[in-house]
Structure formats: structure tokens, C-alpha cells
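Below you'll find the structure, written out as C-alpha cells, and then a few comments.
The values are calculated or read from the model by the stated rules, or taken from the named source; none is laboratory data. Here the structure is a predicted model, which means the values were calculated and not measured. In this analysis, Cβ positions are derived from the backbone assuming ideal geometry, glycine residues included, and neighbour counts consider all displayed protein chains. In case anyone asks, the SASA skips ligands and DNA or RNA and just uses the protein heavy atoms, side chains included. Shrake-Rupley method; radii C 1.70, N 1.55, O 1.52, S 1.80 Å.
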Amino acid sequence: MSAFSAIGEEREIDREEFTPTLEPQATWCPGCGDFGVLKALKQAMPEVGRNPDEVLLVTGIGCSGKLNSYFESYGYHSIHGRSLPIARAAKLANPELEVIAAGGDGDGYGIGGNHFMHTARENHDMTYIVFDNEIFGLTKGQTSPTSPKGHKSKTQPHGSAKDPIRPLSLALTSGASYVARTAAVNPNQAKEILVEAMQHDGFAHVDFLTQCPTWNKDARQYVPYTDINDADEYDHDPTDRSAAQEMASEAEQSLYEGEVLTGRFYVDSDRPSYSEEKQAIGEMPEDPLAERYFDDDYEWERSHDLLLDRHK
Amino acid sequence: MTDHELMWRIAGGSGDGIASTSQNFAKALMRAGLHVFTHRHYPSRIRGGHTYTEVRAKSEPVQSRGDGFNCLLALGDSFARNPQEDAYYGDEEIKPLSENLDELNEGGVIVYDTGLLDSEDIPDFEQRVEENDWHVYPINLREIARDHGREVMRNTAGVGATAALLGIDLEYFEQLMAESMPEDILEPNKEILHYTHDMVEEEFEFTHDLRVPEGSHDEEQVLLSGSDSIAYGALDEGCRFIAGYPMTPWTEVFTIMSQALPEVGGVSEQVEDEIAAAALALGASHAGVKAMSGSSGGGFALMSEPLGLAEMSETPVVLVEAMRAGPSTGLPTKPEQADLEHVLYTSQGDSNRVVLAPGTVSEAYEQSRLAFRIAYGYNIPVILLYDQKLGGELMNVPASHFDREPNPDLGAVTTEEELEDAPHGPGGKFYRYRYDAEDGVSPRSIPGQKGGHFLVTGNEHNQAGHIDEDPTNRVTQMERRMSKVEAVREFLDDRDTQTYMGPDDAEYGLITFGSQQGTVEEAVARLNDAGHSVRGIGVSDMMPYPEEEMTEFLESVDEALVVEMNASGQFRGLTQKELGRFGDKLSSLLKYNGEPFEPAEIVQGFEASIQGQDVPDQQTTYVPAAGD
């Protein structure tokens with residue numbers, strides 16, 4: 001029996017396996033876009049073919065962080081902005097896990113912005129879902145990094161003087177090999193994109209537009225969206241990096257002008273994942289590190305044998 | 001003292017090869033059968049600026065820098081350039097000679113490079129030489145190096161010269177050079193070594209009587225730093241993941257691990273900041289790998305968030321904290337022991353962690369292993385606290401000390417077989433945080449294990465890991481987590497991690513922690529030789545604090561002096577806080593000028609303190625007991 005027999009188990013996966021049988025009391029507000037992410041994620045799992053025991057879902061803090069409570073899997077509800085470093089190390093420790101990180105726009109693009117940049121550039125094989133509702137929800141409605149310029153809140157009563165963060169452009173420039181945007185109001189596309197993101201071998205960034213009916217009634221994610229991959233007016237090739245950059249830039253500008261463009265902006269299927277890169281240069285073993293601790297036959301090296309000679 | 005020990009100091013500019021030359025010098029003497037100990041001093045600069053390393057060698061075990069030194073090799077600072085008359089950094093050129101005279105003992109030997117240094121630039125040089133009975137050998141090392149190889153080989157010429165003056169067999173240096181140098185560099189170095197050695201023997205009449213002591217070892221020795229020891233302890237204990245961000249002096253452990261881990265099939269990650277570094281260690285540990293991270297003061301400050309998460313989520317991890325002088329960036333390359341309170345209490349909420357502070361290079365190996373054993377055995381974060389001095393000093397240790405069996409045991413985890421019968425919540429989650437756990441330790445499951453999924457959260461949580469603010473649950477979980485610290489206390493009590501020095505029934509006590517242990521041990525021996533009645537203890541367990549042992553110790557003595565390298569007496573404060581008494585028995589001897597204690601300073605400080613006098617040395621401070 002393998003130490004991690006949940007991994008790679010071949011059977012039909014039912015999305016209801018990801019629903020806690022004893023539902024915790026939902027703390028999201030009625031009408032919250034986060035329900036849309038949860039639903040899309042559960043629907044994606046059977047297609048991805050992963051069972052709850054081989055999935056590690058790491059979240060940050062905020063309303064998005066509660067995702068773990070309603071999604072049955074190995075869950076790590078961590079701290080403000082730190083879901084990515086925890087998630088990527090878990091992936092290095094056991095590359096066979098399905099690792100998903102999730103956070104909000106404040107959590108992921110604000111306090112965790114630095115980790116976003118670096119995780120993207122390293123191209124870890126994982127999926128990063130950012131619940132983007134352009135507001136700090138759980139702390140009761142402060143201006144977030146994606147709030148539009150001029151956005152008024154209790155902490156910025158004269159309106160924000162800052163341009164919003166451009167998450168798609170940032171992901172692209174940082175080196176993410178899969179960049180997409182979807183919206184809670186579009187469950188079918190959302191599910192499809194999450195399936196693709198999880199199946200993608202590299203860092204998949206999904207900017208997931210969610211609505212916050214309590215604190216951000218003005219946000220434009222409610223308006224009808226256009227799927228750039230399906231719309232006739234856009235002949236977008238997501239494998240072309242410079243086209244993706246242009247498209248992302250347009251989408252980010254038009255979002256604040258009232259037009260919501262979603263879809264896959266960039267897909268690079270050729271770029272090796274970080275684990276593969278590290279294995280290729282001899283800085284990471286082929287076998288999952290975590291397996292060793294359960295393998296009675298593994299021969300553990302002593303520092304003495306390898307290193308002590310140079311001190312004699 | 002000087003007649004049976006060598007205290008050799010090599011001085012020069014940063015970047016002039018002082019560290020590598022002194023390391024080879026120490027290793028040569030170790031191979032010659034001596035016990036060695038090094039002390040290094042360097043500025044926060046890459047090139048130029050006064051730096052030195054001392055190598056102390058005796059036929060008996062040695063574990064402190066000693067008092068002053070008795071042989072100076074002054075190389076000259078090849079990077080010193082001061083075009084302005086009133087340069088900010090002072091008169092750099094002459095520093096390798098001038099800056100080292102204050103600590104040179106009477107009757108000492110001076111070798112200096114006339115190619116870069118001129119003693120006439122030091123106004124009172126001749127006078128001081130006469131007053132102190134120093135024996136001076138001016139040699140143009142630069143010219144010799146240039147004529148027989150390259151100018152950078154001045155250090156080899158210097159070694160050849162001091163080897164001649166001290167009577168050290170060149171064979172040891174030749175061997176070391178052959179092991180480390182490529183052929184094209186080896187030959188000229190060998191020639192310079194022999195040429196200078198023979199020239200000094202022929203041309204100078206030796207007026208000094210300092211010679212290298214004789215010695216032999218019963219068993220094979222290795223020369224290691226505290227940083228080496230910590231890294232090897234981690235590797236032998238099965239650590240296969242490290243994440244870090246460079247910061248002096250923690251970088252040493254990080255570097256050693258980064259080079260070693262690929263050799264044993266492990267992973268090292270240099271990441272964007274220290275918050276990420278500690279968070280990565282948590283992620284790897286959560287996924288089932290023994291993991292570590294670490295930093296020095298300022299970087300460790302950033303780790304306080306993930307540290308708190310590790311406590312609350314009971315994710316095992318080892319964090320090393322290499323202290324340097326603070327506050328803020330402080331003295332980046334100088335030792336201090338002033339981060340003790342920082343590591344004990346940083347992060348929000350009640351501290352639920354373990355802090356160990358090894359006292360010597362060999363203890364660093366033991367305690368690094370112990371740190372992992374506790375972290376994974378109890379699912380608790382463990383901090384290994386040491387300082388720049390212990391991290392960087394080299395000392396010989398019997399090779400057999402490190403010949404231990406590796407420990408792959410992942411500690412308090414379940415297997416899949418165990419998960420089948422383990423309690424699960426009504427929602428299907430594994431009870432990761434069981435109320436009824438023995439010793440408070442509730443075993444974890446590892447992602448990928450069938451039937452093991454649960455929720456980790458930094459919020460208060462119930463047995464399955466779900467966020468839970470119920471007051472009864474809160475109290476139960478808090479008490480369980482705190483009880484683990486008590487269980488660790490018992491575990492540590494059984495292992496005698498404290499080091500006792502001197503007689504059991506002494507009148508006075510000397511207390512210290514961490515890197516000052518060896519120096520205090522030497523001071524205790526000297527004080528007893530001088531007719532005092534002194535007992536010493538080097539404390540290794542900071543949290544949980546060794547209550548029983550310290551109470552016993554303090555009850556056995558009339559008064560005790562706490563020796564530590566900080567300005568506020570943090571360890572003395574911890575002792576009083578933990579024991580709740582003895583305030584009237586404890587006084588402090590403090591040093592916080594960026595240099596570690598010398599044994600004589602402790603001897604003087606102790607004598608002054610029992611006579612109620614001021615400490616004669618301006619560089620140390622005496623703080624009397626409460627109520628005195």
C-alpha cells in the first residue's frame with residue numbers, strides 16, 4: 001500500500017464529494033460572488049479527475065479564505081497574503097498533489113503582491129484563483145488594489161488617487177504560463193477555465209470576477225461580459241504572448257469603462273514547470289520528497305559520509 | 001598563559017584572504033595534534049576595511065578566544081585607499097598594524113609586511129614595542145610574493161614567516177594547499193611558503209621564546225563552525241527542505257544547506273522575503289517533509305506571522321535565528337545576544353513554541369537534531385537561537401561526534417492504516433486536533449493520504465479544524481496546545497541539556513546561555529584555580545525554561561552573576577520571570593560593544609562584583625542585584 005494512496009486513484013469522481021456532508025454555517029452574504037467560485041470549482045473537479053484527498057487548497061484571509069470551509073479537501077486556511085508560498089512549497093514537497101491557491105484581490109494583489117510576482121515567474125505547477133471583487137469585504141468595505149481610481153471608502157473618503165492594479169498584465173509580465181479571467185456570473189465559462197487551469201502544467205492564474213453586493217454595489221462585474229475566445233470581433237490567439245499582453249491591457253482598461261472581457265488570455269503549454277526545471281538542473285529529486293518518510297526501504301544519507309571529509 | 005598556548009592573529013583588509021588563510025592555519029594546527037579555536041572580526045564591507053581572525057591553539061581542549069593574543073601577522077590592507085586627509089573611515093592603510101596593538105600581550109611577536117605597512121606611520125610604535133617587550137620582524141611579504149608568484153600570495157608568505165618563527169612544520173600547510181589549489185597556483189604558493197620560511201630562519205635572529213605548543217589527538221578531529229554543526233544536525237535528522245533569504249549571519253547555515261541538499265536529494269529555495277521563506281517551510285512541512293527556515297533579527301521579525309500560524313496550526317517547523325547586534329540592522333557582522341526576548345515573545349497571542357540555544361559548536365549539532373525531534377514529535381515550531389560568534393567560530397570536534405544514524409521519523413503523523421480507524425467528524429474530516437490527545441499531541445495526516453483530509457486554520461478551530469469560536473472549545477484547544485510545551489519540558493529535563501561547570505557545592509554561581517558558554521567555562525576554571533568557589537551553568541533551554549534545574553542551581557549558591565552579550569540583561573530577566581524569585585541573588589555582567597567576552601573580563605567582572613566594586617573594564621557593565 002502506498003503512503004499516499006489517494007493520489008492517482010482511478011475512479012469516477014462525483015462533485016458532491018467536495019461538499020461537506022455536515023455543511024458549516026455559511027458566512028458569505030446572500031448574493032455573494034464567492035458562491036459562484038465555489039460552485040465552479042466543485043463542478044470542475046470531476047473533469048479534472050482528482051479526489052478530495054489528493055487536493056490541497058490553500059487560502060489566504062478574507063471572505064475568499066472561507067472557501068476551505070465549504071470545499072471538502074485537504075485545506076490550509078493560512079494568513080493574509082501568504083497562500084502562495086505555502087502552496088508552492090507543498091507542491092515541491094509532493095509534486096503529485098493537486099495544489100490550488102486562492103485569495104481575494106486585497107489578499108492576493110495587495111499584501112501578497114510580492115509572492116504573486118515570484119510564484120508566477122517560477123511557474124509552479126499550480127492554480128491560483130483570485131476572487132476579484134474590487135473591495136475589501138471582510139474588513140467592511142475599504143478600497144482595494146483593484147478598486148477603480150476615485151473609489152470612495154471610509155479609508156479613502158476623497159476617492160482613491162491610485163490607478164488600480166492590472167492583474168492580468170502583472171501575471172503575464174511576471175511569467176505566468178496560463179492567464180485567464182472569468183466571472184461568477186458566468187458559471188459555464190468559469191468551470192471550463194478552472195478545468196483548464198488545473199490541467200495546465202505550470203502556474204495558472206485565474207482572475208475571478210466576483211460581486212460584493214454588500215460593500216461594492218457599484219462594481220461593474222454585473223454587466224454582461226464578452227468571452228474573447230468566442231466573440232467574433234476578437235480573433236485572439238492565446239499562444240501569442242504579445243497579443244495576450246495587448247488583449248489583457250485592453251480588457252483591464254475596458255473593465256473600468258463598463259465592458260467585461262473574459263476568457264483565456266495566455267496559454268503557454270511548452271514552458272516546463274518549476275519542478276521540472278529544478279529536476280533538470282539536479283536541484284530536486286524525481287521522487288516526491290514526502291514519500292520517503294513513509295518508505296522503510298529508503299536509504300537515508302548521513303552528513304558524515306558526504307560532507308565531513310572536507311573538515312578533516 | 002602565553003607560554004603554553006599560541007594565540008595567532010592575522011590582520012588585513014576585507015577581501016585579502018584573511019578568512020581562508022586563518023582557516024587553513026587552524027586546520028594545519030589541528031592536524032599537528034593541537035586543539036584550536038578561532039575568533040573572527042570583520043566589518044560590514046566587501047573589500048577593504050580592517051579585519052582579523054585569531055587562531056588559538058593549545059595541547060588541551062580550548063573553547064574560547066582567550067585573552068588578547070601573542071602573535072600578530074599584519075598583512076596590510078590592499079584595498080585601503082584614502083585620498084582625502086580626513087577620510088570617513090580613518091587611516092585605513094596602517095590599521096592592520098596599528099589597530100591590533102592594544103590587545104597584543106606582553107612579550108608578543110609582530111610580523112608585518114613592509115611592502116604595504118610602515119611602522120614609522122605609528123608615532124609611538126617604538127616606544128610601545130619597548131614597553132611591552134614585543135619582538136618585531138619586518139618583512140617585505142609583498143615583494144616576496146610578487147617575485148615568486150603573484151602579489152595576492154602575500155598571505156602565504158606571511159604564513160611561511162610565522163611558521164618559521166613559531167616552529168611549525170610546513171608539511172601541514174603544503175598538504176592543505178595541495179588539497180585546495182589547482183596546480184598553477186599551488187606551485188608558486190609552495191615556493192613562496194618555503195622561500196619565506198627559509199629566509200626568515202636565515203636572516204633573523206629570534207629574540208622571542210614563543211613556540212607552537214605540542215600535542216596529539218586520541219582520535220580523528222574535524223574543524224567545524226557552529227553553522228556547519230547546525231546544518232549537519234538538520235541533515236542527519238532528515239531535514240530535506242530549506243527556504244531562506246540572505247541575511248548575515250544566518251546566510252552561512254542557508255549556504256551550507258543549499259549546497260548539501262541537492263547531494264542528498266533535498267530542496268533548497270531562495271525566495272523573495274523572509275515571510276515567504278518561513279511560509280514555504282510550513283508548506284513543505286505540511287505536505288510531509290522535514291523543513292527549516294531561518295534568518296537574523298530583522299528577517300526573523302518578518303517571520304513572526306508564519307511563526308504564529310505554525311503555533312496555531314501545529315505545523316512542525318524549525319526556524320534558526322542567528323543573532324547579530326541590533327536594534328534594526330545594528331552591527332551587521334558583530335555578535336550580540338539581544339534577540340532572546342524577540343524570539344520568545346514575537347507574534348500575537350500566547351507563545352506556544354520551543355526555543356533552544358546551543359552553547360558550543362558540538363552542542364549546536366545535538367540541538368539542531370533535538371530541534372527537529374521536538375518540532376516533529378510534538379507538532380510545534382522550534383527556534384534554534386545562536387549568534388554570529390557561534391555561527392562563525394571554528395573549533396575542533398572529534399569526528400565520531402557526527403557519526404550518527406539518520407532519523408527519518410516524521411514524528412506525530414498517522415499512516416493510512418491508522419487513518420482507517422481514527423476518529424473522523426460527522427462532516428467526514430479527520431480529527432486532526434483531538435481534544436483527548438496524549439501529552440497534547442494530536443497526530444496529523446499528510447495531504448495525499450486517503451481518508452485524512454482536514455482543515456488547517458490560523459483561527460481557533462475544533463477537532464476537525466473548522467473555525468470555531470465556542471468558549472469551551474477555545475479553552476480546551478488552548479490548554480491542549482500549552483500542555484505540549486509542558487510535555488517538551490519533561491522531555492528536555494530527561495536529556496540534561498544544561499552544561500554544568502566547576503564544583504557542585506560552590507559559594508557563587510556564574511550563569512550564561514548560548515555562545516558565551518565556553519568562555520564562562522574557562523573563567524570558572526580560572527576563578528576556582530585562583531581560590532574562589534564558583535559553579536557555572538550554561539543554559540540551553542530558553543522555552544520551556546528549565547525551572548527545576550535552575551531552582552536547584554540558584555538555591556545552591558549565595559549569589560549568581562549572569563553573563564550575557566546585551567545591554568538589558570534579557571536572560572537574567574527571563575530567569576527571574578520564570579522562577580518568580582531570586583531577584584536579590586542575581587546580578588549581571590553585560591557586554592554589548594560588538595565583541596564577545598574574553599575570559600579575563602569575566603574573571604575581573606566577577607571579582608569586582610563580589611567586592612562591590614566597579615568593573616575595571618570600560619567595555620563591560622555590571623548591574624547589581626535588585627535591592628542592592
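A few notes on this one:
- Entry remark, the range B:546-605: residues being within 16 Å of B:E507 (Cα to Cα) and among the polar types (S, T, N, Q) number 3 in total.
- Tallying residues that are surrounded by 23 or more Cβ atoms within 10 Å (Cβ to Cβ), in contact with a Cys (Cβ under 7 Å, 6 or more places away or on another chain) and outside any strand (DSSP E or B) within the range A:107-149 yields 2.
- Top-ranked residue of the range A:49-68 - restricted to ones that are open to solvent by 10 Å² or more (accessible area, probe 1.4 Å) and out of contact with any Asp or Glu (no Cβ under 7 Å at 6 or more places or on another chain), ranked as farthest from the other protein chains (Cβ to nearest Cβ): A:G49
- Checked against (1) touching a His at 6+ places or on another chain (Cβ under 6 Å); (2) buried (at least 24 other Cβ atoms within 10 Å of the Cβ); (3) away from chain A (no Cβ under 14 Å), B:L224 passes all but a single condition, namely (3).
- Search result, residues across the range B:227-253 that are of a type in the set (F, W, Y), within 24 Å of A:A90 (Cβ to Cβ) and either open to solvent by 10 Å² or more (accessible area, probe 1.4 Å) or in contact with a helix residue (DSSP H, G or I) (Cβ under 6 Å, 6 or more places away or on another chain) (or both): B:F241, B:Y245
- Filtered by the rule that a residue be more than 7 Å from every other protein chain (Cβ to nearest Cβ) and over 19 Å from A:D125 (Cβ atoms), the range A:69-88 gives A:Y70, A:F71, A:H80, A:G81.
- Within the option set B:V152, B:V159, being open to solvent by 70 Å² or more (accessible area, probe 1.4 Å), at negative phi and not acidic (D, E) holds for one residue only, B:V152.
- In a residue-by-residue description of the range B:508-515, the property of being away from chain A (no Cβ under 14 Å), among the polar types (S, T, N, Q) and closer than 21 Å to B:R535 by Cα applies to at least one position.
- Among residues of the range A:273-299, those that are within 8 Å of chain B (Cβ to nearest Cβ) and touching a Lys or Arg at 6+ places or on another chain (Cβ under 8 Å), counted: 5
- Filter pass, B:R489 being of a type in the set (K, R) and within 19 Å of A:H77 (Cα to Cα): no
- With respect to the conditions (1) in contact (Cβ under 8 Å) with a residue 60 or more places away in the chain; (2) part of a loop (DSSP other than H, G, I, E, B); (3) open to solvent by 10 Å² or more (accessible area, probe 1.4 Å); (4) within 12 Å of chain A (Cβ to nearest Cβ), B:M312 falls short on a single one, namely (2).
- Filtered residues of the range A:260-291 (kept if free of Cβ contacts under 8 Å to residues at least 12 places away in the same chain and β-branched (V, I, T)): A:I281
- Residue match in the range A:71-80 (condition: surrounded by fewer than 24 Cβ atoms within 10 Å (Cβ to Cβ) and part of a helix (DSSP H, G or I)): no
- Contacts under 6 angstrom Cβ, first residue in the range A:176-194 being open to solvent by 10 Å² or more (accessible area, probe 1.4 Å), partner among the hydrophobic types (A, V, I, L, M, F, W, C), 6 or more apart: A:P187/A:A40; A:K191/A:A40; A:K191/A:A44
- A:S242 being without any contact (Cβ under 8 Å) to a residue 60 or more places away in the chain, more than 30 Å from B:S20 (Cα to Cα) and surrounded by fewer than 17 Cβ atoms within 10 Å (Cβ to Cβ): yes
- Qualifying positions in the range A:89-98 - at the interface with chain B (Cβ under 9 Å from one of its Cβ atoms) and either in contact with a Lys or Arg (Cβ under 9 Å, 6 or more places away or on another chain) or without any contact (Cβ under 8 Å) to a residue 40 or more places away in the chain (or both): A:A89, A:A90, A:L92, A:A93, A:L97
- Tally of residues being part of a loop (DSSP other than H, G, I, E, B), touching a strand residue (DSSP E or B) at 6+ places or on another chain (Cβ under 8 Å) and surrounded by fewer than 24 Cβ atoms within 10 Å (Cβ to Cβ) across the range B:583-600: 4
- The range B:426-446: number of residues that are open to solvent by less than 50 Å² (accessible area, probe 1.4 Å), free of Cβ contacts under 8 Å to residues at least 40 places away in the same chain and out of contact with any strand residue (DSSP E or B) (no Cβ under 9 Å at 6 or more places or on another chain): 2
- Here B:G349 fulfils each of the conditions (1) within 14 Å of chain A (Cβ to nearest Cβ); (2) touching a Phe, Trp or Tyr at 6+ places or on another chain (Cβ under 8 Å); (3) open to solvent by 10 Å² or more (accessible area, probe 1.4 Å) apart from (2).
- Of the residues making up the range B:240-254, those that are in contact (Cβ under 8 Å) with a residue 12 or more places away in the chain and either more than 10 Å from every other protein chain (Cβ to nearest Cβ) or in a helix (DSSP H, G or I) (or both) are B:I242, B:G244, B:Y245, B:P246, B:M247, B:T248, B:P249, B:W250, B:E252, B:V253, B:F254.
- Residue within the range B:261-283 that is closer than 22 Å to B:N407 by Cβ, open to solvent by 20 Å² or more (accessible area, probe 1.4 Å) and assigned to a helix (DSSP H, G or I) present: yes
Here is a yes/no grid of residues against (1) under 24 Å from the mean Cα position of the chain (by Cα); (2) surrounded by 23 or more Cβ atoms within 10 Å (Cβ to Cβ):
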site: B:L455; (1), (2): no, yes
site: B:N473; (1), (2): no, no
site: B:M478; (1), (2): no, no
site: B:G502; (1), (2): yes, no
site: B:D505; (1), (2): no, no
site: B:S515; (1), (2): yes, yes
site: B:D541; (1), (2): yes, yes
site: B:E548; (1), (2): no, no
site: B:A560; (1), (2): no, yes
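- Matching residues, the range B:474-512, being basic (K, R) and not in a loop (DSSP other than H, G, I, E, B): B:R474, B:R480, B:R481, B:K484, B:R489
- Filter pass, B:A371 being part of a helix (DSSP H, G or I), surrounded by 24 or more Cβ atoms within 10 Å (Cβ to Cβ), of a type in the set (G, A, S) and within 14 Å of another protein chain (Cβ to nearest Cβ): no
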